[in-house]
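As structure tokens, the structure follows; a few thoughts come after it.
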Amino acid sequence: MYKSTVPRPTVNEIIPSLARRQQPGLTESAVLEGNALAVLQSLPSASVQCAITSPPYWGLRDYGIDGQIGLEPSLGQFLDQLTLVFSELRRVLADDGTLWLNIGDGYTSGNRGYRATDRRNPARAMATRPPTPDGLKPKDLIGVPWRLAFALQEDGWYLRSDVVWNKPNAMPESVKDRPVRSHEYLFMLTKSEQYFYNHEAVKEETGNAGLRRSRRSVWSVNTKPFLGAHFATFPAELIRPCVLASSKPGDFVLDPFFGSGTVGLVSQEENRRYLGIELNPEYVRLANDRLQAAQPNATRLVVNG
């Protein structure tokens, strides 16, 4: 189990100039531009029913913007940073609310300070790459998803389910000494022991004369590319069961790492309101354009946080 060896800093130690701000009650969907932790600190307590997100993976992408999460020098710093963000998110979540968290894994770099390109996946190339974490060996699978899940559990979250996202159309890998990876984890975490979960809304077909059963923990969902600036997008059909199971029409759904805005799109389609937080101004514009195209009359608010 991961246990941080770094004392948890206070908010004021991380962002000295930030004093906690409380905004009036939320009424409309919004896209909020800024640092996830800083913007979360500005939101009212217990103001959203559900959070669905996929934060940047450690050492796998360089999004090219100051303050990004994912390029911390050590795995412990990455886990500490995300634990702090999700601790603040827990304050913002309703007492019976749920967090759905997708996070990918990776392999140690063997202390190579870069990642070479792949002809099947050019986006994997990186000019910088964190060193191999202490205690791991070259070619080790790092186990980031479970390390983060255990860190959040230790921080007070209830770890309720580990959904396996099976990708039938997974990206090929140029490896010959292990199976090609075709899954990721989607963790279900709750703020309290008792929480809202609408199991009827997410029952699945059995293939037997229209009979339905409670949803299982392996979800087969194809990845779907989006022609925009954000090259890692959440599939809508991975998000939809989370929205349906953990919120009601009119509730707020939060994504603190909004990216291209797919959580907002699905929330709109299911008659929920949403809050999206995104650090990169380019992605804020992209998400805003997608959301406006889908529902032109919806209110959008973009602020610096």
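Cross-link partners for Lys224 among the aspartates and glutamates, with Cα-Cα distance under 16 Å and sequence neighbours closer than 8 places in the same chain left out: Glu184, Glu237.
Normalising the Debye intensity of the range 27-294 to I(0), with uniform scatterers on Cα atoms only, and taking log10 at q = 0.07, 0.09, 0.13, 0.16 Å⁻¹ returns -0.24, -0.41, -0.88, -1.35.
Provide the FRET efficiency to the nearest 0.05 for the Asp155-Asp134 pair, computing r from the beta carbons and using R0 = 25 Å. In this case the efficiency is close to 0.70. Measuring against 19 Å, Cα to Cα, the residue pairs Lys203/Lys248; Lys167/Lys248; Lys139/Lys176; Lys139/Lys167 contain Lys167/Lys248; Lys139/Lys167 as the ones spanning a longer distance.
Just so you know, all these numbers are worked out from the coordinates, no wet-lab data involved. Since the structure is predicted, the reported quantities are computational estimates derived from the model, not experimental observations. As a convention, Cβ positions derive from the backbone with ideal geometry for all residues, glycine included, and neighbour counts pool all protein chains shown.
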